[in-house]
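Novice: One structure coming up, written as C-alpha coordinates, with questions to follow.
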Amino acid sequence: IRDFCLSRGLGDVYKRQVKVGVLTHLSKFLEVLSTKTRERYINVLEEVINSDDNNWRFHKIIAEQMGSLSKLYSPVVVSEKIVPIVFRLLEDPVSSVRKSLLPELGGIIRSLDVSPEQQKIFQERLVSFGRSPTCQPRILFAHLCAHVLNRIDIQSFITDFLPILLNLRNDVVPNVRFTVAKTLRLLLQNEDLVHHVGIIEALKILQQDKDSDVIAFARGNGDLPFEINPDNSTSSQSSDSQTKTENITQTSIDAPTSNSDEITVKSEDVVSIPETETPIQVPIHENSDHEESSPIQVISQNVEENLTTIQTRNEAQ
(Lines give C-alpha, C1' and ligand atoms only; values in the text may rest on other atoms or scores of the structure.)
Protein backbone atom coordinates (compact mmCIF):
# COMPACT_ATOMS: atom_id res chain seq x y z
CA ILE A 1 0.00 0.00 0.00
CA ARG A 2 2.84 2.39 0.86
CA ASP A 3 4.61 1.83 -2.49
CA PHE A 4 1.33 2.13 -4.40
CA CYS A 5 0.48 5.48 -2.77
CA LEU A 6 3.98 6.91 -3.03
CA SER A 7 4.39 5.89 -6.68
CA ARG A 8 1.28 7.89 -7.55
CA GLY A 9 2.01 10.95 -5.49
CA LEU A 10 -0.48 9.95 -2.79
CA GLY A 11 1.86 10.31 0.14
CA ASP A 12 -0.68 12.33 2.11
CA VAL A 13 -3.31 9.63 1.60
CA TYR A 14 -0.91 6.99 2.89
CA LYS A 15 -0.04 9.04 5.95
CA ARG A 16 -3.71 9.60 6.68
CA GLN A 17 -4.46 5.87 6.43
CA VAL A 18 -1.58 5.07 8.76
CA LYS A 19 -2.89 7.63 11.22
CA VAL A 20 -6.36 6.10 11.06
CA GLY A 21 -4.91 2.66 11.77
CA VAL A 22 -2.91 3.90 14.75
CA LEU A 23 -5.84 5.80 16.29
CA THR A 24 -8.28 2.92 15.74
CA HIS A 25 -6.16 0.61 17.92
CA LEU A 26 -4.89 3.25 20.34
CA SER A 27 -6.66 1.90 23.45
CA LYS A 28 -5.45 -1.66 22.76
CA PHE A 29 -1.91 -0.40 22.24
CA LEU A 30 -1.87 1.62 25.45
CA GLU A 31 -3.32 -1.29 27.38
CA VAL A 32 -0.11 -3.34 26.98
CA LEU A 33 2.13 -0.50 28.13
CA SER A 34 3.23 0.22 31.67
CA THR A 35 1.36 2.89 33.65
CA LYS A 36 4.25 5.36 33.44
CA THR A 37 4.73 4.91 29.69
CA ARG A 38 0.98 5.01 29.14
CA GLU A 39 0.67 8.45 30.69
CA ARG A 40 3.21 9.86 28.28
CA TYR A 41 1.01 8.91 25.34
CA ILE A 42 -2.01 10.73 26.68
CA ASN A 43 -0.70 13.78 24.86
CA VAL A 44 -1.41 12.02 21.56
CA LEU A 45 -5.13 12.54 22.18
CA GLU A 46 -4.68 16.23 22.80
CA GLU A 47 -2.59 16.61 19.65
CA VAL A 48 -5.22 14.94 17.50
CA ILE A 49 -8.05 17.02 18.95
CA ASN A 50 -6.14 20.27 18.65
CA SER A 51 -4.61 19.42 15.26
CA ASP A 52 -4.92 21.91 12.41
CA ASP A 53 -6.01 19.02 10.23
CA ASN A 54 -9.31 19.01 12.13
CA ASN A 55 -10.48 15.79 10.44
CA TRP A 56 -13.80 14.84 12.03
CA ARG A 57 -13.12 11.14 11.34
CA PHE A 58 -10.13 11.23 13.69
CA HIS A 59 -12.32 12.81 16.36
CA LYS A 60 -14.94 10.10 15.87
CA ILE A 61 -12.35 7.31 16.23
CA ILE A 62 -11.13 8.77 19.51
CA ALA A 63 -14.66 9.41 20.78
CA GLU A 64 -15.51 5.72 20.33
CA GLN A 65 -12.63 4.75 22.64
CA MET A 66 -12.97 7.29 25.45
CA GLY A 67 -14.67 4.84 27.80
CA SER A 68 -11.98 2.17 27.44
CA LEU A 69 -9.20 4.78 27.56
CA SER A 70 -10.49 6.24 30.83
CA LYS A 71 -10.19 2.80 32.47
CA LEU A 72 -6.43 2.81 31.78
CA TYR A 73 -5.70 5.93 33.83
CA SER A 74 -6.02 7.11 37.39
CA PRO A 75 -8.95 9.39 38.38
CA VAL A 76 -6.51 12.32 38.54
CA VAL A 77 -5.34 11.82 34.95
CA VAL A 78 -8.92 11.22 33.81
CA SER A 79 -10.18 14.45 35.38
CA GLU A 80 -7.21 16.53 34.22
CA LYS A 81 -6.56 15.12 30.74
CA ILE A 82 -9.45 12.99 29.49
CA VAL A 83 -12.45 14.94 30.79
CA PRO A 84 -11.46 18.15 28.90
CA ILE A 85 -11.17 16.09 25.72
CA VAL A 86 -14.60 14.56 26.41
CA PHE A 87 -16.31 17.94 26.61
CA ARG A 88 -14.42 19.14 23.56
CA LEU A 89 -15.85 16.18 21.64
CA LEU A 90 -19.35 16.73 23.06
CA GLU A 91 -19.22 20.21 21.52
CA ASP A 92 -17.87 18.99 18.18
CA PRO A 93 -19.73 20.54 15.23
CA VAL A 94 -20.20 17.12 13.62
CA SER A 95 -23.19 15.23 14.99
CA SER A 96 -21.64 11.82 14.30
CA VAL A 97 -18.74 12.63 16.63
CA ARG A 98 -21.03 13.71 19.46
CA LYS A 99 -23.27 10.66 19.16
CA SER A 100 -20.29 8.29 19.06
CA LEU A 101 -19.20 9.58 22.44
CA LEU A 102 -22.53 9.10 24.22
CA PRO A 103 -22.19 5.32 24.84
CA GLU A 104 -18.76 5.97 26.38
CA LEU A 105 -19.96 8.40 29.05
CA GLY A 106 -21.01 5.64 31.44
CA GLY A 107 -17.50 4.15 31.38
CA ILE A 108 -15.96 7.54 32.10
CA ILE A 109 -18.28 8.05 35.07
CA ARG A 110 -17.40 4.60 36.39
CA SER A 111 -13.67 5.35 36.13
CA LEU A 112 -14.23 8.19 38.61
CA ASP A 113 -15.98 6.01 41.20
CA VAL A 114 -12.96 6.14 43.51
CA SER A 115 -13.10 9.92 43.43
CA PRO A 116 -16.71 10.93 44.26
CA GLU A 117 -15.83 14.60 44.17
CA GLN A 118 -14.46 14.45 40.63
CA GLN A 119 -17.36 12.24 39.60
CA LYS A 120 -19.84 14.77 40.94
CA ILE A 121 -18.13 17.59 39.04
CA PHE A 122 -18.21 15.58 35.83
CA GLN A 123 -21.93 14.79 36.21
CA GLU A 124 -22.74 18.43 36.96
CA ARG A 125 -21.04 19.47 33.74
CA LEU A 126 -23.12 16.92 31.84
CA VAL A 127 -26.32 18.23 33.46
CA SER A 128 -25.39 21.77 32.40
CA PHE A 129 -26.09 20.79 28.79
CA GLY A 130 -29.76 20.49 29.70
CA ARG A 131 -29.79 24.14 30.81
CA SER A 132 -28.03 25.50 27.72
CA PRO A 133 -29.64 28.54 26.01
CA THR A 134 -29.12 26.86 22.62
CA CYS A 135 -31.14 23.85 21.51
CA GLN A 136 -28.34 21.55 20.31
CA PRO A 137 -26.86 20.92 23.79
CA ARG A 138 -30.36 20.34 25.17
CA ILE A 139 -30.99 17.70 22.51
CA LEU A 140 -27.64 16.14 23.36
CA PHE A 141 -28.57 16.07 27.05
CA ALA A 142 -31.82 14.23 26.29
CA HIS A 143 -29.82 11.63 24.36
CA LEU A 144 -27.14 11.16 27.00
CA CYS A 145 -29.70 10.55 29.75
CA ALA A 146 -30.61 7.26 28.09
CA HIS A 147 -26.94 6.25 27.93
CA VAL A 148 -25.92 7.05 31.50
CA LEU A 149 -29.05 5.62 33.18
CA ASN A 150 -27.73 2.10 33.69
CA ARG A 151 -24.16 3.16 34.33
CA ILE A 152 -24.65 5.33 37.40
CA ASP A 153 -26.51 5.00 40.67
CA ILE A 154 -30.26 5.20 40.06
CA GLN A 155 -30.79 7.66 42.90
CA SER A 156 -28.10 9.90 41.45
CA PHE A 157 -29.86 9.80 38.10
CA ILE A 158 -33.27 10.60 39.63
CA THR A 159 -31.80 13.46 41.65
CA ASP A 160 -29.43 15.07 39.14
CA PHE A 161 -30.52 14.16 35.61
CA LEU A 162 -34.23 13.36 35.62
CA PRO A 163 -35.59 16.74 36.84
CA ILE A 164 -33.76 18.60 34.04
CA LEU A 165 -34.98 16.08 31.48
CA LEU A 166 -38.60 16.42 32.63
CA ASN A 167 -38.39 20.22 32.40
CA LEU A 168 -37.53 19.89 28.72
CA ARG A 169 -41.00 18.45 27.98
CA ASN A 170 -42.18 22.05 27.59
CA ASP A 171 -39.21 23.19 25.49
CA VAL A 172 -40.06 25.65 22.74
CA VAL A 173 -38.08 23.66 20.15
CA PRO A 174 -39.99 20.66 18.71
CA ASN A 175 -36.79 18.67 18.13
CA VAL A 176 -35.98 18.91 21.82
CA ARG A 177 -39.44 17.66 22.84
CA PHE A 178 -39.20 14.95 20.19
CA THR A 179 -35.91 13.66 21.67
CA VAL A 180 -37.27 13.93 25.22
CA ALA A 181 -40.27 11.77 24.24
CA LYS A 182 -37.95 9.09 22.81
CA THR A 183 -35.77 9.11 25.92
CA LEU A 184 -38.70 8.96 28.35
CA ARG A 185 -40.02 5.90 26.54
CA LEU A 186 -36.62 4.25 27.02
CA LEU A 187 -36.54 5.18 30.70
CA LEU A 188 -39.81 3.30 31.26
CA GLN A 189 -37.96 0.09 30.41
CA ASN A 190 -36.01 0.46 33.63
CA GLU A 191 -37.71 -1.42 36.46
CA ASP A 192 -36.99 1.42 38.91
CA LEU A 193 -38.69 4.01 36.69
CA VAL A 194 -41.53 2.09 35.06
CA HIS A 195 -44.11 3.64 37.42
CA HIS A 196 -42.36 6.98 37.99
CA VAL A 197 -45.14 9.59 38.25
CA GLY A 198 -43.06 12.41 36.75
CA ILE A 199 -42.22 10.40 33.61
CA ILE A 200 -45.82 9.29 33.13
CA GLU A 201 -47.17 12.83 33.52
CA ALA A 202 -44.55 14.17 31.10
CA LEU A 203 -45.55 11.59 28.49
CA LYS A 204 -49.22 12.53 28.95
CA ILE A 205 -48.33 16.12 28.15
CA LEU A 206 -46.21 15.12 25.14
CA GLN A 207 -49.04 12.94 23.82
CA GLN A 208 -51.09 16.11 23.44
CA ASP A 209 -48.29 18.06 21.76
CA LYS A 210 -49.04 20.09 18.64
CA ASP A 211 -46.21 18.35 16.75
CA SER A 212 -47.20 14.99 15.20
CA ASP A 213 -43.72 13.45 15.58
CA VAL A 214 -43.63 14.29 19.27
CA ILE A 215 -47.06 12.67 19.73
CA ALA A 216 -45.99 9.54 17.84
CA PHE A 217 -42.91 8.92 19.99
CA ALA A 218 -44.70 9.82 23.20
CA ARG A 219 -47.33 7.19 22.46
CA GLY A 220 -44.85 4.55 21.34
CA ASN A 221 -46.60 1.18 21.06
CA GLY A 222 -49.40 2.18 23.37
CA ASP A 223 -48.02 0.10 26.24
CA LEU A 224 -47.82 2.82 28.86
CA PRO A 225 -49.04 1.98 32.38
CA PHE A 226 -51.90 4.49 32.14
CA GLU A 227 -54.95 5.21 30.02
CA ILE A 228 -55.34 8.29 27.86
CA ASN A 229 -58.04 10.67 29.02
CA PRO A 230 -61.18 9.89 27.00
CA ASP A 231 -61.83 13.62 26.74
CA ASN A 232 -58.63 13.95 24.73
CA SER A 233 -59.49 15.54 21.42
CA THR A 234 -57.30 13.15 19.43
CA SER A 235 -58.93 10.07 20.95
CA SER A 236 -62.39 11.56 20.49
CA GLN A 237 -61.65 12.35 16.87
CA SER A 238 -60.41 8.81 16.27
CA SER A 239 -63.58 7.38 17.87
CA ASP A 240 -65.80 9.61 15.74
CA SER A 241 -63.97 8.50 12.61
CA GLN A 242 -64.48 4.84 13.52
CA THR A 243 -68.21 5.42 14.12
CA LYS A 244 -68.55 7.16 10.78
CA THR A 245 -66.77 4.29 9.04
CA GLU A 246 -69.16 1.76 10.62
CA ASN A 247 -72.20 3.81 9.58
CA ILE A 248 -70.97 3.98 6.00
CA THR A 249 -70.39 0.23 5.96
CA GLN A 250 -73.95 -0.46 7.12
CA THR A 251 -75.54 1.90 4.59
CA SER A 252 -77.07 0.23 1.53
CA ILE A 253 -76.73 3.17 -0.83
CA ASP A 254 -73.75 5.51 -0.80
CA ALA A 255 -74.38 9.21 -0.64
CA PRO A 256 -73.54 11.28 -3.77
CA THR A 257 -70.18 13.00 -3.87
CA SER A 258 -69.86 16.76 -4.01
CA ASN A 259 -68.46 16.65 -7.57
CA SER A 260 -71.12 14.37 -9.07
CA ASP A 261 -74.87 13.75 -8.95
CA GLU A 262 -74.38 10.04 -9.65
CA ILE A 263 -75.90 7.60 -7.15
CA THR A 264 -74.07 4.32 -6.44
CA VAL A 265 -76.27 1.33 -5.62
CA LYS A 266 -74.86 -1.84 -4.00
CA SER A 267 -75.15 -5.11 -5.92
CA GLU A 268 -77.62 -6.68 -3.48
CA ASP A 269 -80.03 -3.76 -3.91
CA VAL A 270 -80.16 -3.89 -7.73
CA VAL A 271 -83.40 -5.27 -9.15
CA SER A 272 -82.89 -7.68 -12.04
CA ILE A 273 -84.98 -6.60 -15.05
CA PRO A 274 -85.68 -9.10 -17.87
CA GLU A 275 -84.67 -8.11 -21.37
CA THR A 276 -87.49 -6.86 -23.62
CA GLU A 277 -87.66 -5.89 -27.24
CA THR A 278 -88.56 -2.31 -26.39
CA PRO A 279 -86.33 -0.48 -23.95
CA ILE A 280 -88.10 0.74 -20.88
CA GLN A 281 -87.92 4.42 -20.26
CA VAL A 282 -87.49 5.30 -16.61
CA PRO A 283 -89.47 8.44 -15.91
CA ILE A 284 -87.82 11.10 -13.79
CA HIS A 285 -90.25 13.25 -11.85
CA GLU A 286 -89.49 16.90 -11.71
CA ASN A 287 -92.54 17.94 -9.75
CA SER A 288 -91.95 21.30 -8.14
CA ASP A 289 -93.80 20.05 -5.04
CA HIS A 290 -91.03 17.54 -4.42
CA GLU A 291 -87.97 19.67 -4.88
CA GLU A 292 -86.76 18.67 -1.44
CA SER A 293 -86.93 14.89 -2.18
CA SER A 294 -83.68 13.10 -1.48
CA PRO A 295 -81.82 11.15 -4.23
CA ILE A 296 -82.71 7.90 -2.48
CA GLN A 297 -86.45 8.70 -2.65
CA VAL A 298 -86.14 9.45 -6.38
CA ILE A 299 -84.44 6.10 -6.98
CA SER A 300 -87.14 4.26 -5.02
CA GLN A 301 -89.94 5.89 -7.03
CA ASN A 302 -88.23 5.03 -10.34
CA VAL A 303 -87.73 1.39 -9.36
CA GLU A 304 -91.39 1.06 -8.30
CA GLU A 305 -92.69 2.45 -11.59
CA ASN A 306 -90.23 0.26 -13.47
CA LEU A 307 -91.53 -2.88 -11.74
CA THR A 308 -95.16 -1.86 -12.38
CA THR A 309 -94.46 -1.46 -16.11
CA ILE A 310 -92.80 -4.90 -16.28
CA GLN A 311 -95.72 -6.54 -14.46
CA THR A 312 -98.28 -4.94 -16.85
CA ARG A 313 -96.38 -6.19 -19.92
CA ASN A 314 -96.13 -9.72 -18.51
CA GLU A 315 -99.92 -9.84 -17.90
CA ALA A 316 -100.57 -8.60 -21.40
CA GLN A 317 -98.47 -11.38 -22.87
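Novice: Consider residue 97 carefully, then state whether it is farther than 19 Å from residue 187 by Cβ, in contact (Cβ under 8 Å) with a residue 40 or more places away in the chain and not acidic (Asp, Glu). Lay out the reasoning, then the answer.
Specialist: Numbers: farther than 19 Å from residue 187 by Cβ: yes; in contact (Cβ under 8 Å) with a residue 40 or more places away in the chain: yes; not acidic (Asp, Glu): yes.
So residue 97 fits the description; yes.
Novice: Might you let me know whether the range 55-71 holds any residue that is surrounded by fewer than 13 Cβ atoms within 10 Å (Cβ to Cβ) and of a type in the set (Val, Ile, Thr)?
Specialist: Scanning the range 55-71 turns up no residue that is surrounded by fewer than 13 Cβ atoms within 10 Å (Cβ to Cβ) and of a type in the set (Val, Ile, Thr).
Novice: Tally up the residues in the range 104-143 that are hydroxyl-bearing (Ser, Thr, Tyr) and open to solvent by 40 Å² or more (accessible area, probe 1.4 Å), please. Spell out how you get there, then give the answer.
Specialist: Our first condition is that a residue be hydroxyl-bearing (Ser, Thr, Tyr); within the range 104-143, this holds for 111, 115, 128, 132, 134.
Imposing the further condition that a residue be open to solvent by 40 Å² or more (accessible area, probe 1.4 Å) reduces the set to 128, 134.
Qualifying residue count, the range 104-143: 2.
Novice: Only residues that are part of a helix (DSSP H, G or I) and either touching a strand residue (DSSP E or B) at 6+ places or on another chain (Cβ under 9 Å) or under 19 Å from residue 44 (Cα atoms) (or both): list them for the range 87-103, please.
Specialist: Restricting attention to the range 87-103, the residues satisfying the condition of being part of a helix (DSSP H, G or I) are 87-90, 95-103.
Across the range 87-103, the qualifying residues are 87, 88, 89, 90, 97, 101.
Novice: Tell me, which helices (runs of 4 or more DSSP H) wholly within the range 1-70 include 1 or more residues that are at pLDDT below 65?
Specialist: Working: elements: 2-7, 11-24, 26-31, 35-40, 42-49, 56-63, 66-70.
Of the helices (runs of 4 or more DSSP H) lying wholly inside the range 1-70, those with at least 1 residues that are at pLDDT below 65 span 2-7, 11-24.
Conditions (1) modelled with pLDDT under 90; (2) part of a loop (DSSP other than H, G, I, E, B), marked per residue:
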residue	(1), (2)
162	no, no
166	no, no
169	no, no
199	no, no
221	yes, yes
229	yes, yes
236	yes, no
261	yes, yes
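Novice: Would you say residue 125 is under 18 Å from residue 156 (Cα atoms), modelled with pLDDT under 90 and part of a helix (DSSP H, G or I)? Break it down into steps so the answer makes sense when it comes.
Specialist: Values: under 18 Å from residue 156 (Cα atoms): yes; modelled with pLDDT under 90: no; part of a helix (DSSP H, G or I): yes.
Against the criterion (under 18 Å from residue 156 (Cα atoms), modelled with pLDDT under 90 and part of a helix (DSSP H, G or I)), residue 125 does not qualify.
Novice: For residue 146, indicate whether it is assigned to a helix (DSSP H, G or I), open to solvent by less than 50 Å² (accessible area, probe 1.4 Å) and over 19 Å from residue 95 (Cβ atoms).
Specialist: On the way: assigned to a helix (DSSP H, G or I): yes; open to solvent by less than 50 Å² (accessible area, probe 1.4 Å): yes; over 19 Å from residue 95 (Cβ atoms): no.
Considered against the rule, which asks whether it is assigned to a helix (DSSP H, G or I), open to solvent by less than 50 Å² (accessible area, probe 1.4 Å) and over 19 Å from residue 95 (Cβ atoms), residue 146 comes out as no.
Novice: A further question follows. If you go through the range 73-86 one residue at a time, do you hit one that is part of a loop (DSSP other than H, G, I, E, B), open to solvent by less than 80 Å² (accessible area, probe 1.4 Å) and in contact with a Ser or Thr (Cβ under 7 Å, 6 or more places away or on another chain)?
Specialist: Step one: of the range 73-86, the residues part of a loop (DSSP other than H, G, I, E, B) are 73-74.
If we keep only those that are open to solvent by less than 80 Å² (accessible area, probe 1.4 Å) too, we end up with 73-74.
Narrowing further to those that are in contact with a Ser or Thr (Cβ under 7 Å, 6 or more places away or on another chain): none.
For the range 73-86, residues part of a loop (DSSP other than H, G, I, E, B), open to solvent by less than 80 Å² (accessible area, probe 1.4 Å) and in contact with a Ser or Thr (Cβ under 7 Å, 6 or more places away or on another chain): absent.
Novice: Related question: Based on this model, can you work out whether residue 159 counts as over 22 Å from the mean Cα position of the chain (by Cα), more than 20 Å from residue 68 (Cα to Cα) and open to solvent by 60 Å² or more (accessible area, probe 1.4 Å)? It would help to see each step written out before you state the result.
Specialist: Values: over 22 Å from the mean Cα position of the chain (by Cα): yes; more than 20 Å from residue 68 (Cα to Cα): yes; open to solvent by 60 Å² or more (accessible area, probe 1.4 Å): yes.
Taking the combined requirement at face value, the residue satisfies it.
The values are calculated or read from the model by the stated rules, or taken from the named source; none is laboratory data. Here the structure is a predicted model, which is why all the values come from computation and not from measurement. Every residue, glycine among them, receives a Cβ derived from its backbone with ideal geometry; neighbour counts consider all protein chains shown. Note: accessible area is taken over every heavy atom of the protein model, side chains too, but ligands, DNA and RNA are not part of it. Shrake-Rupley method; radii C 1.70, N 1.55, O 1.52, S 1.80 Å.
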